[in-house]
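Everything below concerns the one structure shown next.
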Amino acid sequence: MDLRFGDSKPTDDERAAVDALLGPPESSWEGAARDEMRAADLRWARGGREARDRRDLLLPGLHAINDRIGWISEGALDYLCRRLTVPPSEAYGVATFYAMFSVKPRPATVLHVCTDLACAAAGASELCAGIEARLGLGSGVGVGVERSPCLGLCERAPAALAIRAGDPVRTAVSAPATVHDAVLAASAPDSAPEEPPAAMAVPQAGDPSLTLLRRVGVVDPSSLDDYRAHGGYTALRRAFELGPAGVIREVTDSGLVGRGGAAFPTGRKWQATASQPDHPHYVVCNADESEPGTFKDRVIMEGDPYALVESMTIAAYATGAHKGYLYLRGEYPRALRRLEHAIAQARARGLLGDDVLGQGYAFDIEIRRGAGAYICGEETALFNSVEGYRGEPRSKPPFPVEKGLFGKPTVENNVETLVNVLPVLTMGAPAYSAIGTERSTGPKLFCVSGSVRRPGIYELPFGATLGELLELAGVREGLRAVLLGGAAGGFVRPDETDIPLTFEGTREAGATLGSGVVMAFDGTVPLPRLLLRIAEFFRDESCGQCVPCRVGTVRQEEALHRIVERTGAAAADDITLLREVGRAMRDASICGLGQTAWNAVESAIDRLGAYE
């Protein structure tokens with residue numbers, strides 16, 4: 001363990017950024033100046049254990065520096081490490097793990113331009129080239145341009161996110177982005193056009209038959225009173241009437257399963273956590289949706305944030321937790337503002353805190369921001385990230401319900417899963433389970449983007465067909481392929497739109513529902529280039545912990561590069577190699593990233609004849 005510190009010193013701004021988070025240092029051992037008043041520090045160390053107990057503040061500390069300065073210098077990193085008694089080598093490993101951080105000097109303003117699937121199909125390459133040309137012509141605007149993985153703005157592709165460091169940090173979104181608008185967002189974030197309301201991403205907004213999206217576009221997302229006037233906190237009151245065991249029984253009887261892709265029964269997960277004798281218990285909301293093509297959680301958090309606060313409170317009450325962590329994508333600045341406001345309002349009105357709704361139950365929520373790492377969508381990688389370590393998955397068992405966050409029993413659900421709990425309790429389990437199919441109950445949110453006229457979030461009962469969904473979205477002429485489940489999913493042909501959108505239906509069709517991504521591509525999108533972008537995504541996002549994924553994703557990308565450049569027998573050899581590499585990744589990778597990295601490429605070869 002490297003405990004050595006360098007000679008670099010933090011600037012006043014860097015020191016202020018860290019101190020604003022951690023408070024002023026009390027000892028020279030953690031970074032305070034050594035003077036006569038602190039002479040005792042030279043004789044004994046104090047505060048080290050308390051500082052180590054705050055290791056989980058390493059990621060917020062890195063955010064604090066990056067937000068204030070725009071990058072993380074050696075002096076700033078050393079100062080943060082002294083404050084938290086973290087070895088500099090470990091902190092460097094964490095800082096370099098995330099795409100949104102930089103340990104090398106860069107401009108205070110960075111423009112992140114999405115180059116992932118939906119944006120690539122919408123002309124992201126031309127947009128990047130235009131932006132770089134505009135900013136490179138002596139415009140006098142000190143802006144760094146970085147090509148980014150999915151920003152979760154797929155319904156408005158192509159997209160760009162400008163972040164200007166300072167106190168406070170400023171952000172501006174340009175989507176759908178033009179060269180002019182993106183440069184304006186970067187050069188003058190405060191003058192950039194305001195983002196459209198979250199309801200613009202919901203073509204069905206205002207439809208009274210909706211369940212999960214019924215408040216988006218109808219309720220003021222900043223108003224707790226408006227939320228309560230539209231049924232808010234009815235579910236929590238019923239939870240207190242039922243008691244923890246009654247809530248779990250209702251969730252179990254409803255048939256609700258996880259909406260993140262694994263489809264694990266939610267009631268079983270809650271029961272397993274609640275029954276653990278070890279305490280404290282934790283509730284973690286996984287709001288780090290980083291799957292290319294996924295943006296449903298963002299729309300809920302921006303358009304109905306109190307619903308998530310209420311549902312997390314119910315999950316905590318049922319499982320005996322008194323602290324919740326909401327792990328939010330770093331690329332979602334508006335969702336962050338909405339949730340911070342909602343949590344503060346709920347706390348001020350007695351809906352969070354020491355006595356929730358006067359029931360003698362204590363619960364509170366803390367937001368933790370991610371920083372650009374797809375792998376942190378995996379639950380145990382997320383736990384490591386919160387705890388201040390690299391976001392690498394853990395081996396299972398033990399499972400999170402036994403030893404999760406901070407080694408304690410933890411229930412982890414994504415945003416869509418949690419907000420489904422509200423109708424379960426307000427409608428009752430029998431009515432909820434009557435929606436959908438026998439094995440896939442309730443409503444489901446689908447993220448539709450690509451070659452459709454009305455991209456956005458759609459709510460349909462499980463069992464609706466892919467064709468029905470595409471008809472709602474207005475698929476364009478010349479449909480070439482549909483990608484189900486995002487980059488980790490698989491392609492289906494245009495003549496396979498009768499596939500029922502259920503976990504079992506897509507499985508029987510040799511596809512996957514995943515988190516609900518549906519991306520349509522017409523003949524204008526070059527499929528080989530699209531597959532190469534998927535391979536590049538997995539290579540970039542692999543955490544590197546296990547050999548099958550670390551090496552396999554690189555070999556997959558290399559083979560696809562060769563195939564794009566040549567055809568015939570040489571391409572056939574590389575396809576054979578791809579199959580061998582894909583099987584090795586699927587069979588031996590430690591987590592779902594490596595296990596699914598070959599899925600989309602395999603389906604494109606076998607179902608679409610991508611290289612024929």
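The values are calculated or read from the model by the stated rules, or taken from the named source; none is laboratory data. What you see is a predicted model, and the numbers here were worked out from it, not measured in a lab. Virtual Cβ from ideal backbone geometry, glycine too; neighbours counted across all protein chains shown. In case anyone asks, the SASA skips ligands and DNA or RNA and just uses the protein heavy atoms, side chains included. Shrake-Rupley method; radii C 1.70, N 1.55, O 1.52, S 1.80 Å.
Looking at region 211-227 only, could you name the residues that are in contact (Cβ under 8 Å) with a residue 40 or more places away in the chain and not in a loop (DSSP other than H, G, I, E, B)?
Taking region 211-227 first, the residues in contact (Cβ under 8 Å) with a residue 40 or more places away in the chain are 211-213, 215-217, 219, 221-222, 224, 227.
Hits for region 211-227 are 224, 227.
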Problem - Subset of region 511-535 (residues that are surrounded by fewer than 17 Cβ atoms within 10 Å (Cβ to Cβ) and more than 25 Å from residue 594 (Cβ to Cβ)) - result: 523, 524, 526
Completion exercise
Restricting attention to region 35-91, the residues that are at pLDDT 95 or above, in contact with a Phe, Trp or Tyr (Cβ under 8 Å, 6 or more places away or on another chain) and assigned to a loop (DSSP other than H, G, I, E, B) number exactly 2
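Could you name every one of the helices (runs of 4 or more DSSP H) located completely within region 515-612 that has at least 1 residues being under 30 Å from residue 462 (Cα atoms) and in contact (Cβ under 8 Å) with a residue 40 or more places away in the chain? Full working, then the answer.
Working: elements: 527-541, 547-565, 569-588, 592-596, 599-608.
By residue number, 527-541, 592-596, 599-608.
Condition check ((1) open to solvent by 40 Å² or more (accessible area, probe 1.4 Å); (2) more than 27 Å from the chain's Cα centre (by Cα); (3) of a type outside the set (S, T, N, Q)) across all residues:
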{"residue": "537", "(1), (2), (3)": "no, no, yes"}
{"residue": "550", "(1), (2), (3)": "yes, no, yes"}
{"residue": "590", "(1), (2), (3)": "yes, no, yes"}
{"residue": "594", "(1), (2), (3)": "no, no, yes"}
{"residue": "609", "(1), (2), (3)": "no, yes, yes"}
Completion exercise
Just one listed residue, out of 209, 174, 254, 187, is of a type in the set (Ser, Thr, Tyr), surrounded by 18 or more Cβ atoms within 10 Å (Cβ to Cβ) and out of contact with any helix residue (DSSP H, G or I) (no Cβ under 8 Å at 6 or more places or on another chain), and it is 187
Completion exercise
With criteria (1) in contact (Cβ under 8 Å) with a residue 60 or more places away in the chain; (2) farther than 20 Å from residue 261 by Cα, residue 433 comes up short on (2)
Completion exercise
When every residue in region 338-364 that is over 29 Å from the mean Cα position of the chain (by Cα) and touching a residue at least 12 places away in the same chain (Cβ under 8 Å) is compared, the one surrounded by the fewest Cβ atoms within 10 Å (Cβ to Cβ) is 359
Exercise for the section: Name every residue in region 92-108 that is without any contact (Cβ under 8 Å) to a residue 40 or more places away in the chain, in a loop (DSSP other than H, G, I, E, B) and not small (Gly, Ala, Ser), in order of residue number. Expected result: 96, 103, 104, 105, 106, 107
Handout entry: Residue match in region 292-311 (condition: of a type outside the set (Asp, Glu), touching a strand residue (DSSP E or B) at 6+ places or on another chain (Cβ under 9 Å) and open to solvent by 10 Å² or more (accessible area, probe 1.4 Å))
Key = no
Problem - Condition broken by residue 168, with the remaining ones in (1) at negative phi; (2) assigned to a loop (DSSP other than H, G, I, E, B); (3) open to solvent by less than 30 Å² (accessible area, probe 1.4 Å) satisfied - result: (3)
Completion exercise
Apart from one, (1) assigned to a helix (DSSP H, G or I); (2) over 30 Å from residue 402 (Cβ atoms); (3) open to solvent by 50 Å² or more (accessible area, probe 1.4 Å); (4) among the small types (Gly, Ala, Ser) all hold for residue 199; the odd one out is (3)
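Pick from region 285-329 the residues that are outside any helix (DSSP H, G or I) and aliphatic (A, V, I, L, M): which of them is farthest from the chain's Cα centre (by Cα)? So that I can check it myself, show each step before the final result.
Just the residues of region 285-329 that are outside any helix (DSSP H, G or I), to begin with: 285-295, 304, 320-329.
Keeping just the survivors that are aliphatic (A, V, I, L, M) gives 287, 321, 326, 328.
Numbers: 287: 5, 321: 23, 326: 11, 328: 6 Å.
The qualifying residue farthest from the chain's Cα centre (by Cα) is 321.
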Fill in the blank from the handout: Checked region 114-129 for anything touching a residue at least 40 places away in the same chain (Cβ under 8 Å) and open to solvent by 20 Å² or more (accessible area, probe 1.4 Å); matches are 115, 120, 121, 122
Exercise for the section: Inspect all residues belonging to region 257-272 and state whether any of them is in contact with a Phe, Trp or Tyr (Cβ under 8 Å, 6 or more places away or on another chain), surrounded by 24 or more Cβ atoms within 10 Å (Cβ to Cβ) and closer than 14 Å to residue 318 by Cα. Expected result: no
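Please count how many residues of region 552-587 are open to solvent by 60 Å² or more (accessible area, probe 1.4 Å) and closer than 18 Å to residue 393 by Cβ.
Our first condition is that a residue be open to solvent by 60 Å² or more (accessible area, probe 1.4 Å); within region 552-587, this holds for 555, 558, 561-562, 565-567, 569, 573, 576-577, 579-580, 583, 586-587.
So of that shortlist, the ones also closer than 18 Å to residue 393 by Cβ come out as 586-587.
Within region 552-587, residues that are open to solvent by 60 Å² or more (accessible area, probe 1.4 Å) and closer than 18 Å to residue 393 by Cβ number 2.
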Fill in the blank from the handout: Only unsatisfied item for residue 111, checking (1) in a helix (DSSP H, G or I); (2) surrounded by 22 or more Cβ atoms within 10 Å (Cβ to Cβ), is (1)
Practice task
Specify which of the listed residues (134, 147) is at pLDDT below 95, among the charged types (D, E, K, R), surrounded by fewer than 21 Cβ atoms within 10 Å (Cβ to Cβ) and part of a strand (DSSP E or B).
Solution key: 147
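Quick grid of which residues meet (1) within 22 Å of the chain's Cα centre (by Cα); (2) among the small types (Gly, Ala, Ser):
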{"position": "86", "(1), (2)": "no, no"}
{"position": "107", "(1), (2)": "no, no"}
{"position": "125", "(1), (2)": "no, yes"}
{"position": "149", "(1), (2)": "yes, no"}
{"position": "180", "(1), (2)": "no, no"}
Completion exercise
Note on region 553-612: residues within 18 Å of residue 530 (Cα to Cα), touching a helix residue (DSSP H, G or I) at 6+ places or on another chain (Cβ under 8 Å) and among the hydroxyl-bearing types (Ser, Thr, Tyr) are 553, 596, 611
Fill in the blank from the handout: Only one of (1) touching a helix residue (DSSP H, G or I) at 6+ places or on another chain (Cβ under 8 Å); (2) within 30 Å of residue 487 (Cα to Cα) does not apply to residue 306, and that is (2)
Completion exercise
Filter region 1-23 for residues that are surrounded by 11 or more Cβ atoms within 10 Å (Cβ to Cβ) and closer than 20 Å to residue 56 by Cβ; the one that is modelled with the lowest pLDDT is 3
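Answer with yes or no whether residue 328 is touching a Pro at 6+ places or on another chain (Cβ under 6 Å) and open to solvent by less than 10 Å² (accessible area, probe 1.4 Å).
On the way: touching a Pro at 6+ places or on another chain (Cβ under 6 Å): no; open to solvent by less than 10 Å² (accessible area, probe 1.4 Å): yes.
When the stated conditions are applied, residue 328 does not pass them.
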